[in-house]
Amino acid sequence: MTAEPALAGATTAGVLEIDLDALAANWRLLRDRHPRGAVGAVVKANAYGLGAAAVVPRLCREGCRHFFTATLDEALEIRPLIPDAMLVTLDGLAPGREAEYVAGGILPALGSLPEIDAWAAAAPGRAALLHIDTGMSRLGLSAAERATLAADPGRLAAIRLACVMTHLVSPERAGDPLNARQLARFTAAAAAFPGVPRSIAASSGMFLGAAYLSDLARPGAALYGVNPIPGRPNPMRQVVRLMGRVLQVRDIPAGETVGYNAVWQAARPSRIATVGIGYADGWHRAHSNRGAAFFDGRPVPLVGRVSMDLTTYDVTGCPDVAAGAWLELIGPHVPPDTAAAEAGTTGYEVLTSLGRRLARTYRPA
Ligand SMILES: *Cc1c(COP(=O)(O)O)cnc(C)c1O
């Protein structure tokens, strides 16, 4: 790859380029799919590893007015960036920290009776979301807890319900009967809260059809380029490109091995390029001996074990790869979903693993 300005000046061996225009286009695409309701943005885990400090203001500028984090600390960090937007913690209410929610204007998604009671006591009259479990069995009010509430409606009297929400188990599998079952359960449960806005779909759920659209969608992964409809062409634009700098290129004879435990052996005289990205950067060890990076549009196979800080590629077929060259590990030739398939994981995990050592650069700057 010819040296590009952002890479040429890089002082690290790993550069994560984030295309904010593509991010914005992805949000607009989802917004246009959801004409009757609002479309928010899930920015937990530092905006899926891309950097909330850049992602959040850009989405706000596009018109996004509802932001979701997992934790209170994440929400407190981005609050100054979006003073007027709705900001929700999906993981519920952090015990004992109700005053921080109130001071920050942050809404917890209340998902248990103890959380409801704590919020009612500590923040009377304040808004919150109600998270209803319809099959995830993770967070959210169970059927038994809902029955308890129905028998004692005063328990919610001090809480202003901004929204009732649920989360789908298998929305990326359009034919999975769990989707319809959860929708039916949610519709029945939400009937107990007439007039309260509803929130159902995350990224993949927005592609399940009109029944799954609601008053507020909560997409995350699709904004960042992960395919919300696996098995079909990805409608989202690619947002990230992970470039790794070649530290050394060496010639090895046939029969020589590469890396820990010698899991790759050269069948012919080979040229090996060592890139300064490893599993400590989130480039998982499961990539060992699998897949390829790209140089100038040509694949160079990953060979040997991925080590903590280094990964090795067979560049025998690319004589122009030299020290200082940049290989594309994730990008147009290797979308996050492809990198994930090679490592036996998901695009979600690929993105959220990308480590702190990678220099994040944003376009437009
Ligand atoms: C993470 C999360 C989302 C976003 O999901 P994506 O599949 O990334 O769009 C939405 N809602 C809840 C409750 C979540 O935990």
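Name the shape class, rounded, prolate or oblate, that the alpha-carbon gyration tensor gives for the range 127-272, where a ≥ b ≥ c are the square roots of its eigenvalues, rounded holds for a/c under 1.5, and otherwise prolate holds if a/b is larger than b/c and oblate otherwise. Please list the in-between numbers first.
Values: a/c = 3.23, a/b = 2.94, b/c = 1.10.
In terms of gyration-tensor shape, prolate.
Per residue, the chain exposes 42 Å² of solvent-accessible protein surface, assessed with a 1.4 angstrom probe and all protein chains in place.
Take the Cβ-Cβ distance between residue 21 and residue 77 as r, set R0 to 25 Å, and report the resulting FRET efficiency rounded to the nearest 0.05. Working shown, then result.
Working: r = 24 Å, r/R0 = 0.96.
Once rounded, the FRET efficiency stands at 0.55.
Rank 301, 171, 78 by how far each Cα sits towards the positive end of the charge dipole of the chain (+1 on Lys, Arg Cβ; -1 on Asp, Glu Cβ) and give me just the farthest. Farthest towards the positive pole: 171. As a fraction of the 1.4 Å probe accessible area of the range 1-99, surface on carbon and sulfur atoms comes out at 53 percent. Here is the size of the range 230-365 from its Cα atoms: Rg then Dmax, 14.7, 47 Å. Within the listed set 156, 30, 107, the residue fluctuating most in the Gaussian network model of the chain (springs between alpha-carbon atoms under 10 angstrom) is 156. Using the Cβ-Cβ distance between residue 365 and residue 152 with R0 = 41 Å, the FRET efficiency computed as 1/(1 + (r/R0)^6) comes to roughly 0.15.
Of the two radii for the range 55-172, the radius of gyration is 0.98 times the Kirkwood radius, both from the alpha carbons; that is the Rg over Rh value. Highest mean first, the peptides 18-29, 161-172 sorted by other C-beta atoms within 10 Å per residue fall in the order 161-172, 18-29.
Working from label points 7 Å from Cα in the Cα-to-Cβ sense, the residue 232 to residue 196 distance is 3.2 nm. Once the range 44-94 is represented by equal point scatterers at the alpha-carbon sites, with solvent omitted, what log10 I(q)/I(0) does the Debye formula produce at q = 0.13, 0.19 Å⁻¹? Debye output, listed in q order: -0.25, -0.54.
On the protein heavy atoms, probe 1.4 angstrom, tell me the percent of accessible surface of the range 231-365 carried by carbon and sulfur.
Taking all protein chains in place, the range 231-365 shows 52 percent carbon and sulfur surface.
Here the alpha carbons of the chain define both size measures, Rg and Dmax, at 23.3, 78 Å.
For the chain, what is the mean residue ellipticity at 222 nm derived from helices alone (per DSSP H run of n ≥ 4: -39500 (n - 2.57); sum divided by total residues; nearest 500 deg cm²/dmol)?
It comes out at -7500 deg cm²/dmol, rounded to the nearest 500.
The values are calculated or read from the model by the stated rules, or taken from the named source; none is laboratory data. What you see is a predicted model, and the numbers here were worked out from it, not measured in a lab. As a convention, Cβ positions derive from the backbone with ideal geometry for all residues, glycine included, and neighbour counts pool all protein chains shown. The area values use the complete protein model at the heavy-atom level, side chains included, leaving out ligands, DNA and RNA. Shrake-Rupley method; radii C 1.70, N 1.55, O 1.52, S 1.80 Å.
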